Amino acid sequence: VYSSAKLSRGTHSVIPTFYAIPGVAKFEYVLNYSANGIPQGVVGSFVPAGGNDSRDLYFGTCSKGVCTPHYGITGASLTITATTTGGATYIKRYVLKNI
């Protein structure tokens, strides 16, 4: 198990947690969803620095410190890929419902 994810209604986001497992060289994440029928998403990656890590992936847009939530969210999924130092990849897909 390289990751977990939970919905946060208070922050209108999904929060994936990436676990510090020896041998993981890189984590990548992709959040896909539609808001009122318009495709939206968040993409990112990072090299783990030791210890568990998490991200707050907001269902909305932010600019200059002002965030606007998206509504009418459907088809939400989060895909997390863990790549090991040996080159193996492990993929976990979370289907997010009732957002």
Residue within segment 25-35 that is open to solvent by 40 Å² or more (accessible area, probe 1.4 Å), without any contact (Cβ under 8 Å) to a residue 40 or more places away in the chain and more than 15 Å from the chain's Cα centre (by Cα) present: no
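Per-residue answers, yes or no, for (1) β-branched (Val, Ile, Thr); (2) closer than 20 Å to ALA76 by Cα; (3) exposed (fewer than 14 other Cβ atoms within 10 Å of the Cβ):
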| site | (1), (2), (3) |
| --- | --- |
| THR17 | yes, yes, no |
| PRO22 | no, no, yes |
| VAL43 | yes, yes, yes |
| GLY50 | no, no, yes |
Subset of segment 54-64 (residues that are small (Gly, Ala, Ser) and exposed (fewer than 11 other Cβ atoms within 10 Å of the Cβ)): SER63
Test: residue in segment 56-72 that is assigned to a loop (DSSP other than H, G, I, E, B) and polar (S, T, N, Q): no
Pair list, Cβ < 9 Å and 6+ apart or interchain, from segment 47-64 residues that are closer than 25 Å to GLY37 by Cβ and free of Cβ contacts under 8 Å to residues at least 24 places away in the same chain to residues that are open to solvent by less than 60 Å² (accessible area, probe 1.4 Å) and not in a loop (DSSP other than H, G, I, E, B): THR61/GLN40; THR61/PRO69
Looking only at segment 87-99, and only at residues there that are part of a loop (DSSP other than H, G, I, E, B) and either open to solvent by 80 Å² or more (accessible area, probe 1.4 Å) or basic (Lys, Arg) (or both), the one that is farthest from PHE27 (Cα to Cα): ASN98
Where GLY50 falls short, out of the listed (1) in contact with a Lys or Arg (Cβ under 7 Å, 6 or more places away or on another chain); (2) outside any strand (DSSP E or B): (1)
Within segment 4-20, tally of residues that are out of contact with any Ser or Thr (no Cβ under 6 Å at 6 or more places or on another chain) and either touching a residue at least 40 places away in the same chain (Cβ under 8 Å) or not hydrophobic (A, V, I, L, M, F, W, C) (or both): 11
Filtered residues of segment 65-83 (kept if over 15 Å from SER13 (Cα atoms), open to solvent by 60 Å² or more (accessible area, probe 1.4 Å) and modelled with pLDDT of 95 or more): VAL66
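The values are calculated or read from the model by the stated rules, or taken from the named source; none is laboratory data. The model shown is predicted, which means the values in this text are computed figures rather than measured ones. Cβ atoms come from the backbone with ideal geometry, glycine included; neighbour counts cover every protein chain shown. Surface areas here come from the heavy atoms of the whole protein model, side chains and all, with no ligands, DNA or RNA. Shrake-Rupley method; radii C 1.70, N 1.55, O 1.52, S 1.80 Å.
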